[in-house]
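Heads up, the thing below is written out as structure tokens.
The values are calculated or read from the model by the stated rules, or taken from the named source; none is laboratory data. Here the structure is a predicted model, which means the values were calculated and not measured. No Cβ is skipped: glycine too gets one built from the backbone with ideal geometry, and neighbour counts run over all protein chains shown. Surface areas here come from the heavy atoms of the whole protein model, side chains and all, with no ligands, DNA or RNA. Shrake-Rupley method; radii C 1.70, N 1.55, O 1.52, S 1.80 Å.
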Amino acid sequence: MIKISNLKKTFIKDDNKIDVLKGLDLEIDRGESLAILGVSGAGKSTLLHILGALDHPTSGTLTYNDVNVFNWNEKKLAEFRNKKIGFVFQSHHLMPEFNSMENTMMPALINGISKQDARKRAEIILNEVGLGDRVTHKPGELSGGEQQRVAVARALIMEPEIILADEPTGNLDRSTGKKVEDILVNLNRTRNITLVVVTHNRQLADRMSRVTGLRDGKIYMEVQG
Ligand SMILES: Nc1ncnc2c1ncn2[C@@H]1O[C@H](COP(=O)(O)OP(=O)(O)OP(=O)(O)O)[C@@H](O)[C@H]1O
Ligand SMILES: [Mg+2]
């Protein structure tokens, strides 16, 4: 489904070159769940941003169903991001002035789906993540775990083929984190949504079907679960 070849990413900051990804290769199959472990600064978020076409690599290729994504123009890239990919980040980036329902509906509205349909979809998904009784709460009126579940709901509303999660449970206590993990793992299993999770958390990683690590700008280990 996704094939990354010889991917390099260099940041230039104050005349310093920072080589973060140094010729990285990785293949991700449809329906698999993949963990990418690595220490702080290893380049996990950088890789995830490129996987989600939020950032361009310095060189190398990323194909999605055999099509080279970075040959597309910005408009096509944005469409790809919105329709195919669901993002779940450590800081959830919910909009504070909007409630759970509105935050969840947002990507659908941006994609031109009618308000009525967006609301229907959001209702179903918020129920799925156990927030059926929190739809009118704004982020400030939700617990951290509930906010994170709204972020998962928002990532799902466009029915993505792939979910990219960056430390999705990093800010949560063990048991709340586990609830969010369960939702992600179940989505992968029951709806065959490809799941890529970058994390420091070994326990979360071990719940994925494959565990890889990122070190010195490359994927260095593959453990089959
Ligand atoms: N826009 C940028 N400009 C310059 N350097 C950057 C930029 N973004 C990231 N970096 C550097 O690239 C390296 C990798 O950053 P990245 O965010 O991918 O790490 P990470 O593995 O996600 O770490 P963490 O676990 O702490 O989130 C870091 O050393 C960071 O300082
Ligand atoms: Mg990071």
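Would you check which residues across the range 53-85 are under 16 Å from the mean Cα position of the chain (by Cα) and within 16 Å of ASP25 (Cα to Cα) and list them? Correct list: TYR64 only. If you go through the range 10-34 and keep only what is within 14 Å of ligand 2 (Cβ to nearest atom) and within 12 Å of LEU214 (Cβ to Cβ), you end up with VAL20, LEU21. Residue-level check: of (1) near ligand 1 (Cβ under 10 Å from one of its atoms); (2) under 19 Å from VAL88 (Cβ atoms); (3) surrounded by fewer than 17 Cβ atoms within 10 Å (Cβ to Cβ), GLY31 misses just (1).
Within the range 109-119, the presence of at least one residue that is at pLDDT 95 or above, surrounded by fewer than 13 Cβ atoms within 10 Å (Cβ to Cβ) and farther than 24 Å from ARG81 by Cβ is confirmed. Under 6 Å between Cβ atoms, which residue pairs at least 6 apart in sequence (or on different chains) link something in the range 10-35 that is farther than 16 Å from ARG189 by Cα with a partner that is assigned to a loop (DSSP other than H, G, I, E, B)? Pairs that qualify, where the first residue is farther than 16 Å from ARG189 by Cα and the partner is assigned to a loop (DSSP other than H, G, I, E, B), are THR10/THR58; VAL20/GLY43; LEU21/GLY43; LEU21/GLY217; LYS22/GLY217.
Being under 28 Å from LEU109 (Cβ atoms), in contact (Cβ under 8 Å) with a residue 24 or more places away in the chain and of a type in the set (A, V, I, L, M, F, W, C), is that true of even one residue in the range 198-210? Checked against the condition, which is being under 28 Å from LEU109 (Cβ atoms), in contact (Cβ under 8 Å) with a residue 24 or more places away in the chain and of a type in the set (A, V, I, L, M, F, W, C), the range 198-210 yields no hits at all.
Of these, PHE89, PHE98, which one is within 20 Å of the chain's Cα centre (by Cα), of a type in the set (Phe, Trp, Tyr) and surrounded by fewer than 20 Cβ atoms within 10 Å (Cβ to Cβ)?
Working: PHE98 fails: within 20 Å of the chain's Cα centre (by Cα).
Criteria check complete, one pass: PHE89.
Total residues in the range 34-61 satisfying the condition of being under 17 Å from ILE163 (Cβ atoms) and open to solvent by less than 20 Å² (accessible area, probe 1.4 Å): the figure is 10. Against the list (1) β-branched (Val, Ile, Thr); (2) farther than 29 Å from SER114 by Cβ; (3) modelled with pLDDT of 90 or more, the condition THR194 fails is (2).
Contact map, the range 45-66: residues that are free of Cβ contacts under 8 Å to residues at least 60 places away in the same chain paired with residues that are of a type in the set (A, V, I, L, M), Cβ distance under 6 Å, separation 6+ or inter-chain. Pairs shown: THR46/VAL20; ALA53/VAL69; ALA53/LEU77; PRO57/LEU7; PRO57/ILE50; GLY60/LEU7.
Apart from one condition, MET208 fits all of (1) more than 27 Å from SER114 (Cα to Cα); (2) modelled with pLDDT of 90 or more; (3) within 16 Å of ligand 1 (Cβ to nearest atom); (4) within 17 Å of the chain's Cα centre (by Cα); the exception is (3).
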